[in-house]
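A.B. asks: Quick one: structure below, then a few questions.
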Amino acid sequence: MPTTSLATRRTRGDIPFGVVNYAGFLLFAILCAYPFYYLIINSVSANDLSALGRVRLWPEGAHLSNYGQILQLNGLSEAAVVSVARTVIGTACTVLASAFLGFMFTQERMWKRSLWYRLTIFTMYFSAGIIPLYITMKSLGLTNSFWVYILPAIVQPFNIILVKTYVESMPRSLQEAAEIDGAGTIRIFFRIILPNMTPILATIAIFTAVAQWNSFQDTLLYITDQKLYSLQYLLYTYTNQASSLAQAAQNAQGNLGSIVSAATSQTPTSIRMTVAVIVVLPIIFIYPLFQRYFVKGIMLGAVKG
Amino acid sequence: MSMTQGAPLLERGAATQAVAEQRRQSKRRDGRPGRPGRDAGRGRGKGSSKTMFLLIAPFLVLMFLFSYLPLAGWATAFFDYKPALGLGGSEFVGWQWFSMLVSSPTQVQQIGQVMANTLAMSFLGIATSLLPVFFAMLLNEIRAPWFRNAVQTLTTLPNFISWVLVYMIAFSLFSTSGLVNSVLHDWGLITVPLKFLDTDQNVWLTMLLWSLWKGLGWGAIMYLAAITSIDPALYESARIDGAGRFQIMRYITFPQLMPTYVVLLVLSIANMLNNGMEQFYVFQNAFNKEYIQVLDLYVYNIGITGNSLSMATALGMLKSVISVLLLITANAIAKRARGTSII
């Protein structure tokens with residue numbers, strides 16, 4: 001094989017360009033990653049140092065007691081339960097509904113199928129606005145209810161398009177064989193279709209779970225009962241309201257009794273950092289898992305209904 | 001390899017054309033598996049199935065409740081709505097709220113500022129919409145796979161955190177007691193902490209930078225995927241023609257990405273009034289309020305915080321109608337230009 005190929009032909013500008021290119025991406029990658037690192041090292045550093053912004057490159061006076069103490073904050077464990085519950089239940093409901101509806105909309109025999117399909121897809125392109133939505137939720141009795149996190153998110157037109165396209169690309173003979181054997185629609189769905197579309201369902205599940213975990217606006221709009229606050233909402237109140245935070249810090253110390261030192265007693269900074277890490281860690285942990293589905297998810301998005 | 005060997009023998013331009021055309025044709029012939037059995041299903045089961053409809057009916061009810069029923073709430077815009085009285089007990093005022101939007105000078109001034117903020121954020125977003133294209137093209141030039149993967153991993157991460165967390169990060173880095181101020185102070189560059197967040201200076205620019213920080217890496221993913229699906233023959237023939245790296249980027253990669261870019265551009269023009277409120281809500285404070293209130297946030301602020309539900313509904317209704325019209329127009333333009341619709 002000749003060692004020089006046209007593919008690697010170098011021009012005069014190549015080396016400076018390469019250096020600048022690498023350096024530019026390195027810089028941007030650091031800009032993206034450092035804030036996360038900063039949160040983590042601060043949450044495990046001595047609290048008197050973190051409050052002064054002295055923890056910059058690595059943990060100083062490392063200790064893990066913040067995580068134990070933070071769980072005793074008013075409302076934090078409830079908020080964690082709410083966030084986990086809405087993520088698990090919400091994702092399960094949305095994925096199953098998307099799979100089922102996407103499949104059903106491929107069934108040509110359904111009464112007025114294309115009308116229902118069009119009505120569903122059309123909802124992607126408009127929104128009544130937050131005030132009418134608020135009034136609707138209120139009249140449905142969903143304000144200050146956990147179900148406001150789940151029910152409105154069940155029918156997702158975009159996911160339905162993804163599933164429908166996917167089912168249409170599966171060999172029709174699969175379904176026909178089952179029909180000849182006398183299987184009904186439900187049976188075909190659970191036995192034949194569902195097991196054969198795990199890739200697309202995984203994609204939908206991951207994006208739905210991230211959206212549920214990150215959701216903040218619905219708590220802001222529909223929830224005033226503190227027991228139903230999500231972690232995101234709690235983090236927002238902690239970040240913004242210095243007074244409530246100072247109070248929370250005092251409570252946390254009170255709960256712990258006498259043994260508090262400057263390094264482990266809670267400060268507004270330590271509470272913020274620790275809660276932020278609790279909020280972001282699940283995302284970072286499942287991140288490698290769902291990175292595989294990125295391109296799949298986004299390219300499928302390019303497919304029209 | 002064989003391509004490069006035979007290259008000098010061929011007429012260069014012709015080679016490019018021929019290879020590209022050949023690929024295109026072979027793609028046309030067997031590239032499309034079609035939708036097997038789509039028509040086969042038609043013949044079977046002549047009658048329509050109501051059972052099937054009943055199976056999806058509960059979901060249709062949910063969709064109706066949360067997407068279509070709220071439209072009835074637009075009626076609020078024509079009443080002086082008091083939540084305690086309900087719509088029946090509230091006074092009917094016709095187009096009063098709509099005319100108020102344009103009659104009182106303070107209101108006009110306020111709406112003008114809100115529209116300026118909304119359009120500024122949208123146009124800044126559109127002005128920087130080529131950045132993900134360049135990001136993808138430049139990242140594609142990086143040869144070391146581990147470095148590419150690492151960059152991709154780290155730069156897409158911010159897309160998956162909430163705006164609340166972004167604000168929390170902004171707060172811990174840029175508040176008066178945050179990292180940046182403490183570093184600048186230690187280096188003796190400042191004596192008084194700089195106010196990055198509690199200020200009415202450069203609000204639009206700051207918001208743009210945060211949304212770029214969050215979205216740039218993710219925005220590039222689609223173009224990176226598009227690059228991998230560019231016909232390799234185009235590159236081969238360009239190299240045969242003696243094109244260098246920059247010429248290939250300029251004349252092959254960039255034009256090949258344009259169809260994807262144009263679709264996204266048209267969609268973002270159609271979404272001009274929809275900036276969403278989350279980003280602006282979490283960053284808003286008493287200092288920057290004038291420049292950060294985009295339409296979505298303003299509707300929230302006057303409706304929920306300020307309790308003018310009817311006024312907010314009127315404004316939200318106008319916004320929704322204009323948005324749908326923009327989308328229809330954008331779609332029609334795309335259809336005329338490309339032959340296919342974008343929605």
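The values are calculated or read from the model by the stated rules, or taken from the named source; none is laboratory data. Computed from a prediction, not measured in an experiment: that's the story for all the values here. Neighbour counts are summed over all protein chains in view; Cβ atoms, including those assigned to glycine, are modelled from backbone coordinates with ideal geometry.
A.B. asks: Hey, does the stretch A:57-77 have a residue that's outside any helix (DSSP H, G or I), at pLDDT below 85, among the small types (Gly, Ala, Ser) and within 26 Å of the chain's Cα centre (by Cα)?
C.D. replies: yes
A.B. asks: In the stretch B:55-88, which residue that is in contact with a strand residue (DSSP E or B) (Cβ under 7 Å, 6 or more places away or on another chain) and in a helix (DSSP H, G or I) is nearest to the other protein chains (Cβ to nearest Cβ)?
C.D. replies: B:LEU87
One line per residue, one yes/no per condition, for (1) facing another protein chain (nearest Cβ under 10 Å); (2) within 25 Å of the chain's Cα centre (by Cα); (3) of a type in the set (A, V, I, L, M, F, W, C):
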{"residue": "A:ALA92", "(1), (2), (3)": "no, yes, yes"}
{"residue": "A:ARG113", "(1), (2), (3)": "yes, no, no"}
{"residue": "A:ARG118", "(1), (2), (3)": "no, no, no"}
{"residue": "A:ILE121", "(1), (2), (3)": "yes, yes, yes"}
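A.B. asks: Among the residues of the stretch B:103-159, how many are of a type outside the set (Gly, Ala, Ser) and within 13 Å of chain A (Cβ to nearest Cβ)?
C.D. replies: 24
A.B. asks: Could you run through the stretch B:254-300 and say how many residues are polar (S, T, N, Q), free of Cβ contacts under 8 Å to residues at least 40 places away in the same chain and either crowded, with 20+ Cβ neighbours inside 10 Å or within 11 Å of chain A (Cβ to nearest Cβ) (or both)?
C.D. replies: 2
A.B. asks: Yes or no: A:ILE284 surrounded by fewer than 18 Cβ atoms within 10 Å (Cβ to Cβ), within 14 Å of chain B (Cβ to nearest Cβ) and at pLDDT 70 or above?
C.D. replies: It is true that A:ILE284 is surrounded by fewer than 18 Cβ atoms within 10 Å (Cβ to Cβ), within 14 Å of chain B (Cβ to nearest Cβ) and at pLDDT 70 or above.
A.B. asks: Among the residues of the stretch A:181-195, is any surrounded by 21 or more Cβ atoms within 10 Å (Cβ to Cβ) and either modelled with pLDDT of 90 or more or of a type in the set (A, V, I, L, M, F, W, C) (or both)?
C.D. replies: Checked against the condition, which is being surrounded by 21 or more Cβ atoms within 10 Å (Cβ to Cβ) and either modelled with pLDDT of 90 or more or of a type in the set (A, V, I, L, M, F, W, C) (or both), the stretch A:181-195 yields at least one hit.
A.B. asks: Considering the stretch B:301-335 alone, what residues qualify as being more than 10 Å from chain A (Cβ to nearest Cβ), touching a Leu at 6+ places or on another chain (Cβ under 9 Å) and β-branched (Val, Ile, Thr)?
C.D. replies: The answer is B:ILE322, and nothing else.
A.B. asks: Any residue at all in the stretch B:171-192 that's crowded, with 22+ Cβ neighbours inside 10 Å, of a type outside the set (Val, Ile, Thr), assigned to a helix (DSSP H, G or I) and within 11 Å of chain A (Cβ to nearest Cβ)?
C.D. replies: Yes, that holds for at least one residue.
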